[in-house]
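The next block holds one structure in the form of structure tokens; read it before the comments.
The values are calculated or read from the model by the stated rules, or taken from the named source; none is laboratory data. Worth saying up front: this structure is predicted, and the values here are computed from it rather than measured. Backbone-built Cβ (ideal geometry, glycine too); neighbour counts: all protein chains shown. Each accessible area value is taken on the protein alone, full model and side chains, heavy atoms only, with ligands, DNA and RNA left out. Shrake-Rupley method; radii C 1.70, N 1.55, O 1.52, S 1.80 Å.
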Amino acid sequence: MSDCIFCKIAAGDIPANKLYEDDDLLAFWDLSPQAPKHFLVITKKHLAGPDDVGEADDQLIGRVLRTGAHLAVENGIEQFRFVINNGTEAGQTVFHFHLHVLGGRSMNWPPG
Ligand code: 5GP
Ligand code: ZN
């Protein structure tokens, strides 16, 4: 999608501080970190969010989770929180599927 900021990052049109990239996924540090360590794992394919994921994407989304966990440990984040927002009320601001990986501090529950 031409007006999607994460599609532009995936295409290399907007720079990002990348941790990992392959044909299907990209991980980069969040511009506005909400924890000492905060990165995002996105699909290169434009999916608006969790509610846009189809059966054909099952393997892709599984890889997002596995890659997020693997990269967390690789970057010294042994304990971490995954967040995926869906919709403005949930806090979604970028409508392209992304997994937040946060760590490096104690987390509260329930989340705000
Ligand atoms: P959401 O609120 O949609 O769940 O999360 C979007 C996240 O993307 C936010 O944490 C925000 O800081 C991050 N973000 C938005 N634009 C950019 C950008 O251009 N570069 C990076 N690295 N992060 C971004
Ligand atoms: Zn997109």
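For segment 78-86, the count of residues that are touching a Cys at 6+ places or on another chain (Cβ under 7 Å) and closer than 25 Å to C7 by Cβ is zero.
Look through D58, D51 and report the one residue that is exposed (fewer than 15 other Cβ atoms within 10 Å of the Cβ), in contact (Cβ under 8 Å) with a residue 24 or more places away in the chain and more than 11 Å from ligand 1 (Cβ to nearest atom).
Values: D58 fails: in contact (Cβ under 8 Å) with a residue 24 or more places away in the chain.
Exactly one of D58, D51 is exposed (fewer than 15 other Cβ atoms within 10 Å of the Cβ), in contact (Cβ under 8 Å) with a residue 24 or more places away in the chain and more than 11 Å from ligand 1 (Cβ to nearest atom), namely D51.
If only residues of segment 8-24 that are in contact with a Lys or Arg (Cβ under 9 Å, 6 or more places away or on another chain) and free of Cβ contacts under 8 Å to residues at least 24 places away in the same chain are counted, the one that is most open to solvent (accessible area, probe 1.4 Å) is D23. Does L47 satisfy being touching a helix residue (DSSP H, G or I) at 6+ places or on another chain (Cβ under 7 Å) and not polar (S, T, N, Q)? The answer is yes for L47.
Here E55, E74 are screened, and the one residue that is within 30 Å of S2 (Cβ to Cβ) and away from ligand 2 (no atom under 16 Å from the Cβ) is E55.
Output the number of residues of segment 14-69 satisfying the condition of being hydrophobic (A, V, I, L, M, F, W, C) and in a loop (DSSP other than H, G, I, E, B). Total satisfying the criteria: 7.
List, please: which pairs have Cβ atoms under 8 Å, are six or more places apart or on different chains, and start with a residue in segment 70-90 that is open to solvent by 70 Å² or more (accessible area, probe 1.4 Å) and end with one that is β-branched (V, I, T)? Filtered contacts from segment 70-90: F80/V101; F82/V101. Only a single item in (1) more than 9 Å from ligand 1 (Cβ to nearest atom); (2) open to solvent by 30 Å² or more (accessible area, probe 1.4 Å); (3) within 22 Å of A11 (Cβ to Cβ) is not met by S32, and it is number (1).
When residues in segment 91-104 are screened for being among the hydrophobic types (A, V, I, L, M, F, W, C) and open to solvent by 60 Å² or more (accessible area, probe 1.4 Å), 1 of them pass. Taking the numbered list (1) of a type outside the set (K, R); (2) open to solvent by less than 20 Å² (accessible area, probe 1.4 Å); (3) within 16 Å of ligand 2 (Cβ to nearest atom) in turn, I5 passes all entries but (2).
When P111 is tested against (1) away from ligand 1 (no atom under 15 Å from the Cβ); (2) surrounded by fewer than 17 Cβ atoms within 10 Å (Cβ to Cβ); (3) not hydroxyl-bearing (S, T, Y), only condition (1) is not met.
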